[in-house]
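Below is one structure, written out as structure tokens; comments come after it.
What follows draws every value from the coordinates through simple rules; no lab data is involved. What you see is a predicted model, and the numbers here were worked out from it, not measured in a lab. Cβ placement follows ideal geometry from the backbone for every residue including glycine, while neighbour counts extend to all protein chains displayed.
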Amino acid sequence: MSQANIVIFNDTHGWHSEQLVDALSKLNITAQLTDLADCTIDLDHPTGLIIPGFEQQLPDAAMVRGIAPGTLEQITLRMDVLHTLAELNVPVFNSASAIEHTVDKARTSLRLHLAGIPTPKTWACENINLARNIAQRQFSQQKELVVKPLFGCQGKGIEKINSLDQLDQLNVVGDAFYMQEYIIPFEPEHWQDWRLMVIDGHVCAAMSRRSQHWITNFAQGAECFSTPVTDEMEQLAIAATDAVQADYAGVDLIRTQDGSYTVLEVNSVPAWKGLYQATGINTADYLAKALATRIASSKRRQCHVK
């Protein structure tokens, strides 16, 4: 394809951005690294947007690798940029809608539930009394709960509880109670889950994560191993990605005691360093090809319009 120029958004560019830049360069695509927080909405500008490195013209595509934490107002402005790029027919990978469906865990749970995709029983509310009533009902059935930040990643801030005293001692972020039924592992005391990377409706790589602790995130010290996946796992991951309207996603599955699989989380800005170390498969190559396809399609549409 002819030379193309894209923007990669992240607040901290590092290994992942380097992998993407290298993969894109092989396809004659140049990437400008910047931060959504450095973009400006300026109605004196023809498009209303000023993106560092693209002051005179829009990028051919945008890749979202990360959005920094911020106030509601700051996050809103950053999402405005992504929404507007899409409205200006710039391919955004993943879209603002997909990110909105996945950055908020309650929203993800709802999307999965409404699509009929198995996911742990979940409750979310902002009233401590309601939260205590929900928790008490589960505890009376000898169930444990996992309490997570509504906005969170890498296994940070997650707590497992089995009593109201434990719930009362938690300092939940933003007074939002997001609680899930704890899934007892298929093999007792053998904590394992699976991460499947889905890109454009296909699983390009998968790994299992095993830990000495019930939290199995790579960032929390879990070991990662290359693994085959069953048709059930593959179709479940693809369906979960579709449910949140993502072009690509890292989908986390866990095996329940009855042997079936359920979706724990869907990440629309997934890291893949652990996946690369476990499998040798470079997700960046697949992402670059998917972006190249979108750029080519966008250019064809523009030529047709002209």
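Before moving on, here are some points about what is shown:
- Label-to-label distance, Thr256 versus Glu73, with points set 7 angstrom from Cα along the beta-carbon direction: 4.5 nm.
- Among Leu114, Leu49, Leu77, Leu236, a tally of other beta-carbon atoms within 10 Å of each Cβ gives an order, fewest to most, of Leu114, Leu77, Leu49, Leu236.
- Overall shape of the range 175-234 was characterised from the C-alpha gyration tensor. The equivalent ellipsoid obtained from it has semi-axes of 22, 16, 13 Å, in decreasing order.
- When Val269, Val229 are sorted by how many other C-beta atoms sit within 10 angstrom of their C-beta, beginning with the fewest, the order is Val229, Val269.
- Structural descriptor for the chain: relative contact order 18 percent, calculated from alpha carbon pairs under 8 angstrom and at least 6 residues apart.
- Binned Cα-Cα distance frequencies in the range 58-206 - 10 Å width, integer %: 9, 31, 33, 19, 7, 1
- Three-way shape call for the range 1-100 based on the alpha-carbon gyration tensor, with the a/c threshold at 1.5: oblate
- Spin-label model distance (nm) - Arg301 vs Asp168, 7 Å beyond Cα toward Cβ: 5.6
- Cα extents for the range 164-269 along the principal axes, largest to smallest and rounded to whole angstrom: 44, 31, 27.
- Cα convex hull of the range 122-181 - mean projected area over all directions, nm²: 3.6
- Sorted by Cβ neighbour density within 10 Å, fewest at the top, the residues Arg301, Arg294, Arg195, Arg210: Arg301, Arg210, Arg294, Arg195
- Between helix 15-25 and the chain: long-axis angle, C-alpha atoms, 0 to 90°, nearest 10: 40
- The distance separating the Cα centre of the range 207-278 from that of the range 39-98 comes to 29 Å.
- Projected label distance in nm at Ile184 and His113, using a 7 Å step from Cα toward the beta-carbon: 2.3
- Here the extension length gained between Trp15 and Leu27 equals 2.4 nm, from 0.36 nm per residue of separation less the Cα-Cα distance.
- With distances taken between every two different alpha-carbon atoms, the chain has a Kirkwood hydrodynamic radius of 20.6 Å.
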